[in-house]
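Peer 1: Shown below is the structure under consideration.
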Amino acid sequence: MATRRIGIIMNGVTGRMGTNQHLVRSIVALRNEGGVRLANGDRLMPDPILVGRNEEKLRALAKAHGIERWSNDLAACLANSEDEIYFDAQTTTRRVESVSAAIRAGKHIYCEKPTATDTESALALARQASAAGVKHGVVQDKLFLPGLMKLKRVIESGFFGRILSVRGEFGYWVFEGDWQEAQRPSWNYRQEEGGGIIVDMLCHWRYVLANLFGEIQSLSCLGATHIPERVDERGHTYAATADDAAYATFELEGGIVAHFNSSWCVRVYRDELLSIQVDGTHGSAVAGLRECKVQSRVNTPRAIWNPDVPNPIDFYASWQDVPDNEVFANAFKVQWELFLKHVVDDEPFAWDLLAGARGVQVAELGLRSWRERRWVDVPDLIDEAR
């Protein structure tokens, strides 16, 4: 059994998501496990070079995790033929230029979503990568969450009968930054810097819905900026110019209706930060980040509306846990493994830059629906980008 090196240019990993999920819990974890096992039994060892604008942060991050290489010169990194993959976790407004440069340099592309701030730019990246013959993928981590993987198992078993509707609740209270430090960076609340929960989360809901239930046919979305002022990382008060909550309804293939509330201005009263309820003719399920519960029609209690007496039914009692039945790894790490195998072993990888463009399209149409206060159709993007 041999060990093969693969060089990865990791741009933007000093940010919260880039550090925690992509570097520490994915690439560093894979290195600590001895690399990724390939089809022939060899091990593929990721060799990252950390790239960013802050030299001090890069040096400290590399030292903390035993990584030898870092740089603030992206052009020089792209010129190095020994690094085959370019990964981008920068803010959205910087992504198109950097990813495009990496494609021109012949690098395989793996990047965070959204891939761009508008559909045409996202689709142009997909077409450029396809024309260049490089492999490309987009992070769609929620597909690999234990709760959603259990939900997919339930769907594939036929448990629901005919699925009628999907209801999602996502979010938590992000502190304003005045009396407690905010849990999210300030650019998230600046439209001019690519912020906004519609741009962020509707990309997620597109691939979740498409992969579990069916493609989105049309949508209606209402956004809101509930907190008009926040305090940034330097203690400066600023005007929040981006939406911090979104209330979206989707019509899916097959007549399924899905509704998702996404908010950074909601206090959590549910088991997990994400909750997705699916109702069907034969049963229902509630899935979160890690858990999934089901209730069949034979276990459904007979509810009767009577507000004049205390409720006699424990509505939680007749729900059952879907068992793990397998060991679930970190969702980001799972997709990193799949992409690395795609690059080296040519294993299938469905979540490419065209899939990323479809997410951007749904977000852009969500903003349009809010602006025009109406339902909008979601046309299929031309498949020529594959």
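Peer 1: Identify all residues within the stretch 93-102 that are buried (at least 23 other Cβ atoms within 10 Å of the Cβ) and either of a type in the set (Phe, Trp, Tyr) or touching a residue at least 24 places away in the same chain (Cβ under 8 Å) (or both); write none if there are none.
Peer 2: If the condition is that a residue be buried (at least 23 other Cβ atoms within 10 Å of the Cβ) and either of a type in the set (Phe, Trp, Tyr) or touching a residue at least 24 places away in the same chain (Cβ under 8 Å) (or both), then Val99, Ala102 are the ones that fit.
Peer 1: Here is a further query. Working carefully through the options Ala385, Ala303, Ala357, find the one that is outside the structural domain of Val134 (by TED's automatic domain parsing), within 20 Å of Glu112 (Cβ to Cβ) and at pLDDT below 95.
Peer 2: Only one candidate passes the filter, namely Ala385.
Peer 1: Would you confirm whether any residue within the stretch 318-334 is among the aromatic types (Phe, Trp, Tyr) and in contact with a Lys or Arg (Cβ under 7 Å, 6 or more places away or on another chain)?
Peer 2: Among the residues of the stretch 318-334, at least one is among the aromatic types (Phe, Trp, Tyr) and in contact with a Lys or Arg (Cβ under 7 Å, 6 or more places away or on another chain), which makes the answer yes.
Peer 1: Further question: Can you tell me which residue among Arg31, Arg43, Arg16, Arg37 is assigned by TED's automatic domain parsing to the domain that holds Ile109 and closer than 25 Å to Asp200 by Cβ?
Peer 2: That would be Arg16, the only listed residue that is assigned by TED's automatic domain parsing to the domain that holds Ile109 and closer than 25 Å to Asp200 by Cβ.
Peer 1: Right, next: Kindly indicate whether Asn32 is modelled with pLDDT of 95 or more and out of contact with any Lys or Arg (no Cβ under 8 Å at 6 or more places or on another chain). Walk me through how you get there before you give the answer.
Peer 2: Working: modelled with pLDDT of 95 or more: yes; out of contact with any Lys or Arg (no Cβ under 8 Å at 6 or more places or on another chain): yes.
It is true that Asn32 is modelled with pLDDT of 95 or more and out of contact with any Lys or Arg (no Cβ under 8 Å at 6 or more places or on another chain).
Peer 1: Filter the stretch 164-178 down to the residues that are on the phi < 0 side of the Ramachandran plot and either touching a Lys or Arg at 6+ places or on another chain (Cβ under 7 Å) or not assigned by TED's automatic domain parsing to the domain that holds Arg234 (or both) and list them by number.
Peer 2: If the condition is that a residue be on the phi < 0 side of the Ramachandran plot and either touching a Lys or Arg at 6+ places or on another chain (Cβ under 7 Å) or not assigned by TED's automatic domain parsing to the domain that holds Arg234 (or both), then Glu169, Trp173, Val174, Glu176 are the ones that fit.
Peer 1: Looking only at the stretch 259-297, count how many residues are free of Cβ contacts under 8 Å to residues at least 24 places away in the same chain and closer than 15 Å to Phe213 by Cβ.
Peer 2: Going through the stretch 259-297 one residue at a time, the tally reaches 0.
Peer 1: Quick check on Met10: is it among the hydrophobic types (A, V, I, L, M, F, W, C) and in contact with a Phe, Trp or Tyr (Cβ under 7 Å, 6 or more places away or on another chain)?
Peer 2: yes
Peer 1: Which of the residues spanning the stretch 316-348 are closer than 27 Å to Arg297 by Cβ, aromatic (Phe, Trp, Tyr) and in contact with a strand residue (DSSP E or B) (Cβ under 8 Å, 6 or more places away or on another chain)?
Peer 2: Trp319
Peer 1: A further question on this structure: Could we say that Val294 is closer than 18 Å to Leu148 by Cβ and buried (at least 17 other Cβ atoms within 10 Å of the Cβ) here?
Peer 2: Working: closer than 18 Å to Leu148 by Cβ: yes; buried (at least 17 other Cβ atoms within 10 Å of the Cβ): yes.
Answer is yes for this residue.
Peer 1: How many residues does the stretch 27-48 hold that are outside any helix (DSSP H, G or I) and either under 19 Å from Ala331 (Cα atoms) or not charged (D, E, K, R) (or both)? Before you say what the answer is, go through the steps one by one.
Peer 2: Restricting attention to the stretch 27-48, the residues satisfying the condition of being outside any helix (DSSP H, G or I) are 33-48.
Now restrict to residues that are either under 19 Å from Ala331 (Cα atoms) or not charged (D, E, K, R) (or both): 33-41, 44-46, 48.
Total meeting the criteria: 13.
The values are calculated or read from the model by the stated rules, or taken from the named source; none is laboratory data. Nothing here was measured: the structure is a model prediction, and the numbers come from that model. All Cβ positions, even for glycine, are placed from backbone atoms using ideal geometry, and neighbour counts span all protein chains on display.
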